[in-house]
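The values are calculated or read from the model by the stated rules, or taken from the named source; none is laboratory data. All figures in this text were calculated on a predicted structure; none of them were measured in a lab. We place every Cβ from the backbone using ideal geometry, glycine too, and count neighbours over all the protein chains shown. Side chains included, ligands, DNA and RNA excluded: accessible areas come from the protein's heavy atoms. Shrake-Rupley method; radii C 1.70, N 1.55, O 1.52, S 1.80 Å.
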Amino acid sequence: MGGTISFAAAPPPPIPANAPPPPLQATPTPEESEKPEKPSGEVDWLNLPCPISYDELQREAMMSLKPELFEGLRFDFTKPLSPKFSLSHSVYMGSLEMPSQSPETFKVPTAHYEFGANFLDPKCMLIGRILTDGRMSARVKYDITENVTMKINAQLTNEAHFSQGMFNFDYKGRDSRAQFQFANNAFYGGNYIQSVSPHLALGGEVFWLGHQRKSGLGLAARYNSDKTIMTGQLASTGLVALSYVQRVSEKVSLATDFMYNLANREATSSIGYDYLLRQCRLRGKVDSNGTVAAYLEERLNLGVNFLLSAEIDHWKKDYKFGFGLSVGEF
Amino acid sequence: MAGGKSTAGGNRRKLSASAAAGNEGVLSRVGNTVRQSEVFHKGKRVASNTARFSKKLLWSTGKAAWIAGTTFLILVVPLIIEMDREAQLAELEGHQASLLGAPSQPPGLAAMT
């Protein structure tokens, strides 16, 4: 309370200096808010909105429930050299969890520096990253025509069999989207999603893993209104994933998801909140595995963001805390 | 089983009574009788059970409180702080808007009020 009073009492002098620049109020929100245009009144069945792509069906739920939690320190610095080209430097120090069979978690202290170059253009996007431990990644997105987009994702490591490459061709129709994917290890896939009504979109996917001689089918549905988003996904590998996002207000949304794996009969679900305030974005979630996590992005200044990440696993007694700073944004 | 115990107790009582008939006082004899009685054993068992159970209960309540507290600290405390900041900012902005929205008042006077 004392802070409130002093804060409220202190500002009056700098008001004239502070008032002219309106960006303080109109600071851009960290995430884009893309709203589907809604036809009013009668449903025009020939003019349905274009659905979201199959890979990003659960995007909103993922945004709220799966923030990039980290442990340790991270510092990101992005320097734009021209409006389209920027360089990024990032330092990470902390411990990484090693996958192991035993219930205890092994943590290996790591530190690396990452250098990146970004070229962003409305038609073409090129992103490259190189790490001091020898990993390299590249992403390309290129609009061949207005409706066809090509995407390339590649990851190179100095360990054998871990390098990956993936090509995607996306076709965007008026009320549907189709995608063809092929990757190394003879992976071929395709998916298609179609708007069925102004709010509902249905889709399916097929993939074939050549080296493992495995194939799979997937089905998905997404209901999207301006307040709620519901998605359901079913895969022949035995995975059932459901998600639900409720926008309580402009700033607040609540999300929950449920995942069931038929193969090992494991179900997990989580529930979380996502607050998008003027000065910060705060995400928190609770998991059925006993994990509690929160992620705070605080805008200290224009282009300077402060990150706090916390994750507590009560059953495994695994506590992860991280803080970071990111300077400059593209 | 209970019968066997009671007869053994009885034997011991008789023995101790005969051995210490001369030099032991009434108090110790009463104490011995109480200590070897059935009710005393039962009470002792109940007491130890209660102690163990309450210890367990206390420990698990402590653990639950720890989990609840840490969860609260992670999920709710930052939220409260940020909401408070947001409210402050909105208040400040409203204040500014009201100051700017009153052109008839000179800024010096507005700042004074």
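Things worth noting here:
- For the pair residue A:202 and residue A:145, label points projected 7 Å from Cα toward Cβ lie 2.8 nm apart.
- For region A:256-324, the gyration tensor built on C-alpha atoms gives a prolate shape. Its axis ratio a/c (a ≥ b ≥ c) is at least 1.5, and a/b is the larger of a/b and b/c.
- Considering only alpha-carbon pairs that sit under 8 angstrom and 6 or more positions apart, the relative contact order computed for chain A is 14 percent.
- Unsatisfied cross-links (Cα-Cα over 31 Å) in the set A:79/A:227; A:66/A:227; A:251/A:317: A:79/A:227; A:251/A:317
- Global geometry of region A:193-299, whether rounded, prolate or oblate, following the gyration tensor of its Cα atoms and the 1.5 cut on a/c: oblate
- Model label zone, residue B:58; criterion: amide N under 18 Å from point 7 Å along Cα-to-beta-carbon; scope region B:32-47: B:46-47
- Modelled spin-label separation between residue A:112 and residue B:97, with each label point placed 7 Å from Cα along the Cα-to-Cβ direction: 4.8 nm.
- R0 of 60 Å, Cβ-Cβ distance residue A:87-residue B:46: FRET efficiency to nearest 0.05: 0.20
- A straight Cα-to-Cα reach below 19 Å connects residue B:55 with the lysines B:44, B:63, residues fewer than 8 places away in its own chain not being considered.
- Rough spin-label spacing in nm, given labels placed 7 Å along Cα→Cβ, for residue A:62 and residue A:262: 2.3 nm
- Loop-resident trypsin sites (Lys or Arg not before Pro) (DSSP state other than H, G, I, E or B) in region A:223-329 with no more than 12 further Cβ atoms inside 10 Å of their Cβ: A:227, A:265, A:317.
- Solvent exposure, largest accessible area first (probe 1.4 Å, DNA, RNA and ligands not counted), of A:107, A:84, B:56: B:56, A:84, A:107
- For region A:189-252 versus region A:255-330, the gap between their alpha-carbon centres in whole angstrom: 23 Å
- For the set A:208, A:45, B:59, solvent exposure ranked by accessible area (probe 1.4 Å, protein chains only) runs largest to smallest as B:59, A:45, A:208.
- Scattering profile of region A:54-327 at q = 0.08, 0.10, 0.15 Å⁻¹ [log10 I(q)/I(0), Debye over alpha-carbon scatterers]: -0.41, -0.67, -1.76
- Exposure ranking of A:314, A:89 by accessible area [1.4 Å probe, largest first]: A:89, A:314
- Remark: region B:55-94 carries a charge dipole of roughly 700 debye about the Cα centre, counting +1 on each Lys and Arg Cβ and -1 on each Asp and Glu Cβ.
- Region A:72-138, relative contact order [Cα under 8 Å, separation at least 6], %: 25 percent
- Per residue, chain A exposes an accessible area of 60 Å² to a 1.4 Å probe, with every protein chain left in place.
- Value at 222 nm in deg cm²/dmol, rounded to 500, when DSSP H runs of n ≥ 4 in chain A each add -39,500 (n - 2.57): -1500 deg cm²/dmol
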